[in-house]
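Trainee: Let me give you the structure first, and then I'll get to my questions.
All of the numbers you see were taken from the coordinates with simple rules; none came from a lab. Remember, it's a predicted structure, so these values are computed and weren't measured experimentally. Note that each Cβ is placed from the backbone with ideal geometry, even for glycine, and that neighbours are counted across all protein chains shown.
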Amino acid sequence: MKLIFSISRSGRRGSSIPKADVPEVNAIPPQFRRKKSAELPEVSEQEVIRHFTALSRKNMGVDTNFYPLGSCTMKYNPKFHERIAALPGFAELHPLLPQLRHGGALTQGALAVIYEAERILSELLGFSACTMQPLAGAHGELAGVMLIAAYHKACNDDRRKVMLIPDAAHGTNPASAAVAGFDTVEIASDSEGNVDLEDLKKHLGPEVAGLMLTCPNTLGLFDPNVKEICRLVHEAGGLCYCDGANFNAIIGRVRPGDLGFDVMHVNLHKTFSTPHGGGGPGSGPVGVAEKLVPYLPISRVAKRSDGTYALEYDYPDSIGYIAPFYGNFGIILRAYAYMLTLGREGFRRVSENAVLNANYIRCRLAPYYDQKYNRFSMHECVFSASRQVAKGVHALDIAKALIDRGYHPPTIYFPLIVPEALMIEPTETESKDTIDSFIEAMIEIAKMTETNPEQIQQAPVKTPVKRMDETRAARTPVVADLG
Amino acid sequence: MPYIANTEADVKEMFKTIGCDSFEQMWEKAQIKSPPPSLDTLHSGLSEYEVVRHLNELAARNATQLVNFLGAGYYDHIIPAAVGEITGRSEFYTAYTPYQPEASQGTLQAIYEYQSMICRLTGLFVANASLYDGGTALFEAMMMAGRITRRRQAVISEAVSPIFRRMIECYSSNLDIELIQVPSGTDDSAQKQLMDAITEDTACVIVQYPNVFGTIEAWGEVTAHAHAKGALAVCSCYPVALAVLTPPGEMGFDIVTGEGQSIGIPLSFGGPYLGFMATTEKHMRKMPGRICGRTVDSDGKDGFVLTLQTREQHIRRASAMSNICSNESLCALTALVYLCCMGKQGLIDVAELCAAKAAFARSEILKIDGVKPVGGDAFFNEFVISLPGDAAEVVGKMIDKGFAAGFPLGRYYPDRKNQLLIAVTEKRTREEIKALANALEAVL
């Protein structure tokens, strides 16, 4: 499809702007002015709308297709949330208002949203407090491991420079630990897909700051040794970080704080139904046990005895400012609406149905696809295309064949410890009928692998483009149209 | 609850398939044996109507009716309705990261066009798909400069947003980075001081354009000096201003970042916002974040993919350029659609209006007895005035008169206690500006 720049015609306008009602002085001194205008497109409003409407139709989204992308929790995004986020009382609110004198009184509604969302989330996680500030999951991880660093620093323990990370972890875990200044050491998984306790024990010591563990793990499995793992890490003087990307599996059923974790992030764009936006904005609030509360980022929202809310800054041990303001407020607001809708009983129904749907897929596809770990799963199930590889069909080919059949593919080639991984996460919001159709498509692909693998290898053919030349893209990058 | 489709009959049938007869048995098989938590501090679920009513009430407790002269990096600009129409299309907002290009050409082409827009505004070669916000983008730029130069010192002007600087301080606290903050002045001596601070150990010099006080400066000498010392020059900028100001790329900056809120994104009490970043061709492979590139499919047809992914955490893990994964894709789309609607002339018109109205506001306010200008005449849409008393107190009184009159600088600059930073956008009318000046005169 044509770029917006190529439909540009000199002199066309796509917006109307108020006329000047002040003297039209040439306010900016000439030596600072750009000599040549930035080549933004010149298009009419209708052309803008047509261009982007046409682009939108080249996308799959949760609203158009089943989207069982493992580890991403592509659940339905309730529509009224979008309207709430657009209310002028929220959307037009300047973040510096509460920092003005008497300004707190001007933003009581917004502060209440943050305070209440923190309170509900703390209860769900089993922690003493939360910060809503982190702007995405990986940003939450960074904030979380910085809290661990601050804790050890406050204990005058400057030896703890190592973060332990299981081999099944998301890439963001080691990357976040590195950005926070830690060295990372990989811990092996055992033959059941759990943390290898012996390997863990071998690596625990006075230099270990903590362990970052995804719970349930990225194989979609609940590690039965979680409590023991936390105990061992604590015994060695470390802290336990829980990557909450998979919190949808246990929400309302298990509280990570009760398992022994000290700090955890959740992704509001996963478990709490806020839209994924084509790759963000997300939100990655962090919950902490009592001992980490003093280090939480500032500002913090407090509720005074008279029922009003206020921003507080007087936390001398705080790690400081990780966000410009109070987090991705528009996302927190949507998540808060979701929390209110679900209520006490609703949360557990989410995890029950998420886990049921995943196990249903696992059981029905088990005859057709291999599983490295043949266990009852949580909210997602991981298959391996190892059987199909014998016929020349890889996980990537299966993914592309699914696109032709109207399904967004599962996550592929992750976790890294499963060869040819296909990680399927249906979420609780999909109907059995949809899931059944998906299962039929997966079975049909498995059968076609036996009879006509070429057809799978050539997929997709029904999409706006076929398989893309990614090598060319990386070797001779064309990354902008500079005009 | 409306968001779960499984009926009792469905559940029963699915239980049969998975070999369970109850949810409790299912949990047990999944290795979860502890009793469920009581969650007794939470209340029961509400209907959509009840939640909307509650949130409408909370929205009404926020004072958005104030006439807004508050900026400090976050501005109240006009957003055409067409922008929300497009970003409200659920084909865009319910998709995720476009790792499957055949099913994501819409998002991918939009990212490519967004990257192109950022390049055209900043005058640089390549932009990434977005970072979280202006502050995190500036931190990432500093880290990137460290990777490129293999040096550990950053020189940063105190005329860079204090909101960004305290974030950089926070992130740097566990890292082997030396931050040298150079006092902000109002004349050429500040640039001289900045240059003097750059040594053979400096990875980058970091400035803001226009700076946090609204002042426009030419940076060519500073960037040339940085390059002579083997350092990079980094600039955080205000994208609306770039419609009329010399692009940073032309002044020799190697990495340009900024907060993109002003181009189409609502203030929304602090987020979601948009961190943008652009750099030169030379440093492309050291840039953090996703990048979309143009290529062809197996039939030779043009299309787009995420590219240069070996820089990223899902491939490189602990040695990635950054830990960033989810970025602010929908906000980048928002900015793109905004820039398309405004277009080449529209964005210039917006920028000129902002500048003219700010100049008008400044001259009106300076007529008040006891109010003095701070800084020179080269400013964009924000300027500093000095009041006879504590600016924070004055702002408090102005709130009672219906104005968010600006940002008192004493909060971040103790020696500027009497100074007020006033922002004027194209939304403010002559009457509002006059009323601001009158009210200010009345409270002083």
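Trainee: Test of understanding: ordering B:LYS16, A:LYS58, B:LYS367 by Cβ neighbours within 10 Å, fewest first, what list do you get?
Mentor: B:LYS367, B:LYS16, A:LYS58
Trainee: For the range B:231-308, what ratio Rg/Rh do Cα atoms give with a Kirkwood hydrodynamic radius?
Mentor: Reported Rg/Rh, Kirkwood definition of Rh: 1.06.
Trainee: Taking neighbour Cβ counts within 10 Å as the exposure measure, how do B:ASP297, B:ASP21 sort from fewest upward?
Mentor: B:ASP21, B:ASP297
Trainee: So in chain B, what percent of DSSP beta bridges are antiparallel if you round to the nearest 5?
Mentor: On the way: 25 of 46 bridges.
If I count the DSSP bridges inside chain B, around 55 percent turn out antiparallel.
Trainee: Under the rule of -39500 (n - 2.57) per DSSP H run of 4 or more residues, summed and divided by the residues of chain B, what mean residue ellipticity at 222 nm is obtained, to the nearest 500 deg cm²/dmol?
Mentor: Estimated from H runs of four or more residues: -12000 deg cm²/dmol.
Trainee: Can I ask one more? Within the range A:328-369, what residues put their amide N at less than 17 Å from the label point 7 Å along the Cα-to-Cβ vector of B:SER38?
Mentor: Of the residues in the range A:328-369, A:344-345 have backbone N under 17 Å from the label point off B:SER38.
Trainee: Here is a further query. Please compute P(r) over all alpha-carbon pairs of the range B:81-338, binned at 5 Å starting from zero, and give each bin as a whole-number percent.
Mentor: Calculated over all Cα pairs of the range B:81-338, the distribution is 1, 6, 14, 18, 19, 16, 12, 7, 4, 2, 0, 0 percent.
Trainee: Relative contact order for chain B: what percent, with Cα pairs under 8 Å and sequence separation of 6 or more?
Mentor: That works out to 20 percent.
Trainee: Please order B:LYS33, B:LYS229 by the number of other Cβ within 10 Å, starting at the fewest.
Mentor: By the 10 Å Cβ count, ascending, the order reads B:LYS33, B:LYS229.
Trainee: Calculate the mean, over all residues of peptide A:399-405, of how many other protein chain Cβ atoms lie within 10 angstrom of the residue's Cβ.
Mentor: Taking all residues of A:399-405 together, the mean is 2.
Trainee: Suppose each label sits 7 Å from its Cα in the direction of the beta carbon; what would the B:ARG150-A:THR476 distance come out to in nanometres?
Mentor: So the label points at B:ARG150 and A:THR476 sit 3.2 nm apart.
Trainee: In addition: Please list, in order, the residues from the range B:3-29 whose amide nitrogen is less than 17 Å from a point placed 7 Å along the Cα→Cβ vector of A:LYS227.
Mentor: Counting backbone N atoms under 17 Å from the label point, the list is B:27-29.
Trainee: Given a Förster radius of 41 Å and the C-beta distance between A:VAL389 and B:LYS29 as r, what FRET efficiency does 1/(1 + (r/R0)^6) yield to the nearest 0.05?
Mentor: Details: r = 30 Å, r/R0 = 0.72.
E(calc), rounded to 0.05, equals 0.85.
Trainee: Sticking with this structure for a sec: Normalise the Debye intensity by I(0) for the range A:83-341, one equal point scatterer per Cα, no solvent, then take log10 at q = 0.07, 0.17 Å⁻¹ and round to two decimals.
Mentor: The Debye formula, applied to the Cα set alone, gives -0.23, -1.27.
Trainee: Filter the GluC sites (Glu not before Pro) in the range B:194-287 to those in DSSP coil with at most 11 other Cβ atoms within 10 Å of their Cβ, and list the result.
Mentor: Here the GluC sites (Glu not before Pro) that fit, given the DSSP loop and packing criteria, are B:GLU200.
Trainee: Roughly what would the spin-label model give for A:THR53 and B:ASP377, points 7 Å off Cα along C-beta, in nm?
Mentor: Going from the A:THR53 label point to the B:ASP377 one covers 4.9 nm.
Trainee: Give me the distance in nm between label points sitting 7 Å out from Cα along the Cα-to-Cβ direction at A:LYS291 and B:ASP302, one decimal.
Mentor: Output for this residue pair reads 5.9 nm.
Trainee: Next up: With N denoting the number of residues in the protein assembly as shown, provide Rg(C-alpha) divided by 2.2 N^0.38 Å, to two decimal places.
Mentor: 0.91
Trainee: Can you give the percent of C-alpha pairs in the range B:74-226 whose distance is more than 29 Å?
Mentor: Roughly 32 percent, once rounded to a whole number.
Trainee: While we're on this one: Using alpha carbon coordinates only, what is the Rg to Rh ratio of chain A, with Rh defined as the Kirkwood radius?
Mentor: 1.01
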